[in-house]
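One structure is given here, and the rest of the page talks about it.
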Amino acid sequence: DGRLTFYPGNQTVDLPFINFMKRYGTVFLNAYTNSPICCPSRAAMWSGLFIHLTESWNNFKGLDPNYVTWMDLMEKHGYRTQKYGKLDYTSGHHSVSNRVEAWTRDVDFLLRQEGRPMVNLTGDRKHVRVMEADWRNTDRAVNWIKEEAINLTQPFVLYLGLNLPHPYPSPYAGENFGSSTFLTSPYWLEKVTYEAIKIPKWSSLSEMHPVDYYSSYTKNCTGEFTKQEVRNIRAFYYAMCAETDAMLGEVISALRDTGLLKKTIIIFTADHGELAMEHRQFYKMSMYEGSSHVPLLVMGPGVKEQQQVPSVVSLVDIYPTMLDIARIPVPQNLSGYSLVPLLHGKVDENEVSPRGPRPSWVLSEFHGCNVNSSTYMLRTGKWKYITYSDGHSVLPQLFDLSADPDELTNIAEKFPVIVHSLDKMLRSVVNYPKVSSSVQEYNKRQFISWKQSLGQNYSNVIANLRWHQDWLKEPKKYENAIDKWL
């Protein structure tokens with residue numbers, strides 16, 4: 001969650017290496033994902049293009065594997081490149097459940113798809129390496145810096161993709177579980193200041209926006225939760241962030257030990273955040289700040305120190321930034337704009353790129369599971385405008401983030417003129433009713449071909465996906481709902 005990298009969010013947990021990057025570099029106060037889910041978000045980051053252009057609609061459908069990423073271009077221009085850990089941008093190899101849930105969002109049923117969020121404490125005060133796979137990849141990155149990078153005669157670019165902070169799979173929920181277990185050890189939990197944890201306010205279920213209600217239900221969050229449960233989920237999530245910060249620390253230390261720190265640019269960001277029980281949800285797949293606001297910190301030669309940038313930026317800006325840093329010509333068709341002028345502390349309009357000034361807005365969109373309608377978010381100035389589907393069958397949302405940072409009051413009906421102008425601005429960027437309709441057609445086509453590929457097995461497979469706990473109560477009813485949709 002990007003808000004943990006600056007005040008007041010950073011009061012809840014000790015993140016020493018994030019703080020180190022802030023001291024010696026630049027932090028972006030308003031950085032957003034272009035889609036709050038792994039695969040589409042990474043597709044945007046690696047391609048520099050918005051979701052409706054890559055058509056990376058869900059966790060199964062990412063970039064075309066032959067797409068030329070910024071790393072490919074850097075390699076072509078003489079950089080030594082290395083990637084470790086989670087990439088997830090061509091296809092997430094996510095479960096069949098994930099795919100089918102994304103395709104069947106328009107079916108008229110409501111089924112829980114995730115395990116109920118819960119916490120799990122493991123090990124003792126000496127147990128540091130909880131997420132072992134991430135630590136192994138961090139070790140590989142560190143060894144590469146010490147053994148390879150130090151001896152290179154050419155410039156290098158190293159990518160390390162971590163899974164943390166991300167809930168763990170929940171075996172108690174059956175074979176097709178989601179990831180709803182917040183897991184950490186006492187070692188990391190001690191880094192969290194319990195008194196600073198805010199218990200989020202919730203609207204009553206009857207007052208919730210219909211799309212939020214659907215998300216809360218499919219994420220298994222509509223039941224009763226005690227304050228203590230909510231506080232623990234948030235604390236364990238922050239502890240997982242502290243463990244992630246330590247991995248960043250290993251990379252920074254390796255660069256310092258090899259004398260490379262002063263001549264290396266480091267970028268820290270994420271594909272999406274985590275709601276951690278805000279708005280009665282956990283996980284991502286939402287345009288609320290916890291899910292869509294990502295961290296973005298940069299340090300290194302030429303980057304202004306102790307700088308906080310308030311401009312809205314998003315992950316599509318990474319592509320032109322990487323090329324700009326490497327002095328490689330930036331393609332003209334990109335959705336993003338280079339962050340280099342901002343990193344150098346130039347906010348003067350005369351210092352603009354050949355493509356003209358950076359827009360004053362960012363766009364995020366979502367077409368995957370746990371949400372029953374294509375969602376579009378435009379963030380500009382103090383406003384966040386969220387609209388759904390064709391723009392009229394579901395009510396839009398408007399939040400004034402300066403007056404209502406927790407996004408508790410939808411003021412769309414109160415400010416029709418602002419809604420109208422933001423909607424017009426959004427439509428000039430993307431014809432969103434048309435995109436929503438093409439996603440609906442894609443979902444249907446995909447579902448039909450998947451159903452045909454199963455033949456006789458279809459009824460059994462679909463009943464036993466992640467929603468099995470609800471589905472198996474009335475399997476015929478739900479199969480009929482799908483037939484009616486088709």
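The values are calculated or read from the model by the stated rules, or taken from the named source; none is laboratory data. Given the structure is predicted, the values throughout are model-derived calculations rather than measurements. Every residue, glycine among them, receives a Cβ derived from its backbone with ideal geometry; neighbour counts consider all protein chains shown. Just the protein is used for accessible areas: all its heavy atoms, side chains included, with ligands, DNA and RNA removed. Shrake-Rupley method; radii C 1.70, N 1.55, O 1.52, S 1.80 Å.
Here r is the Cβ-Cβ distance between Arg256 and Thr193 and R0 is 41 Å; the resulting FRET efficiency, rounded to 0.05, is 0.90. Quick one: if the Förster radius is 56 Å, what FRET efficiency do Thr409 and Arg355 give, using the C-beta to C-beta distance and rounding to 0.05? Approximately 0.95, to the nearest 0.05. Solvent-accessible area assigned to carbon and sulfur over the range 1-55 amounts to 55 percent, based on a 1.4 Å probe.
Pull out a ≥ b ≥ c, the square roots of the eigenvalues of the alpha-carbon gyration tensor of the chain, then state rounded if a/c is under 1.5, prolate if not and a/b is larger than b/c, and oblate in the remaining case. Verdict is rounded for the chain.
The alpha carbon gyration tensor of the range 299-343 gives principal lengths a ≥ b ≥ c with a/c of 1.5 or higher and a/b no greater than b/c, which makes the shape oblate.
When the Cα gyration tensor is reduced to axis lengths a ≥ b ≥ c, the ratio a/c is 1.5 or higher for the range 426-470, and with a/b not above b/c it is classed as oblate.
Beyond 23 Å between alpha-carbons counts as too far, so tell me which of Lys263/Lys304; Lys219/Lys484; Lys451/Lys476; Lys384/Lys424 fall in that bin.
Cα-Cα > 23 Å for Lys219/Lys484; rest within.
Simple spin-label estimate for Arg80 and Leu401 gives 4.0 nm between the two label positions (7 Å along the Cα-to-Cβ direction from each Cα). Within the assembled protein chains, the solvent-accessible surface assigned to Lys227 is about 140 Å², based on a 1.4 Å probe. Seen against the Cα atoms of the chain and their longest principal axis, helix 416-429 is set at about 70 degrees.
The phi-based Karplus calculation (6.51 cos²θ - 1.76 cosθ + 1.60; θ = phi - 60°) puts the 3J(HN,Hα) values of the range 250-256 at 4, 5, 4, 5, 5, 5, 5 Hz, whole numbers, x for Gly and Pro.
Here's the list of aspartates and glutamates a cross-link from Lys477 could span, going by alpha-carbon distance under 12 Å and ignoring same-chain residues fewer than 8 apart: Asp108. Partners of Lys86 within straight-line reach, counting lysines whose Cα lies under 19 Å from its Cα and excluding those fewer than 8 residues away in the same chain: Lys61, Lys284. With θ taken as phi - 60° and the Karplus curve 6.51 cos²θ - 1.76 cosθ + 1.60 applied, the whole-hertz 3J(HN,Hα) list for the range 202-213 is 10, 6, 5, 4, 6, 8, 5, 4, x, 6, 5, 4 Hz, x standing for glycine and proline. Close amide H partners of Gly25, meaning residues 5 or more places away or on another chain with modelled amide H under 5 Å apart, are Gln306, Gln307. Summarising the label geometry, the points placed 7 Å from Cα in the beta-carbon direction at Arg136 and Ile418 lie 5.0 nm from one another.
Ligands, DNA and RNA are left out, and with a 1.4 angstrom probe the accessible area of the range 169-241 is 45 Å² per residue.
Note on Ser203 and Leu152: the model spin-label points, each 7 Å out from Cα along the C-beta direction, lie 4.9 nm apart.
Note on Asn143 and Arg129: the extension gain reaches 3.3 nm, defined as 0.36 nm multiplied by sequence separation minus the Cα-Cα distance. Ranking of Lys219, Lys414, Lys444 by solvent-accessible surface, largest first: Lys414, Lys444, Lys219 (1.4 Å probe, protein heavy atoms only, all chains present). The range 367-419 and the range 125-149 have Cα centres spaced 40 Å apart. Subtracting the Cα-Cα distance of Glu224 and Ser428 from their residue separation scaled by 0.36 nm leaves 69.2 nm. Computing FRET efficiency as 1/(1 + (r/R0)^6) for Ala326 and Lys476, where r is the C-beta to C-beta distance and R0 is 51 Å, gives about 0.30.
Multiply the residue separation of Tyr67 and Gln456 by 0.36 nm, subtract the distance between their alpha-carbon atoms, and state the gained length in nm to one decimal. Walk me through the numbers on the way to the answer.
Values: separation 389, 0.36 × 389 = 140.04 nm, distance 3.69 nm.
Stretched out fully, the Tyr67 to Gln456 stretch lengthens by 136.4 nm.
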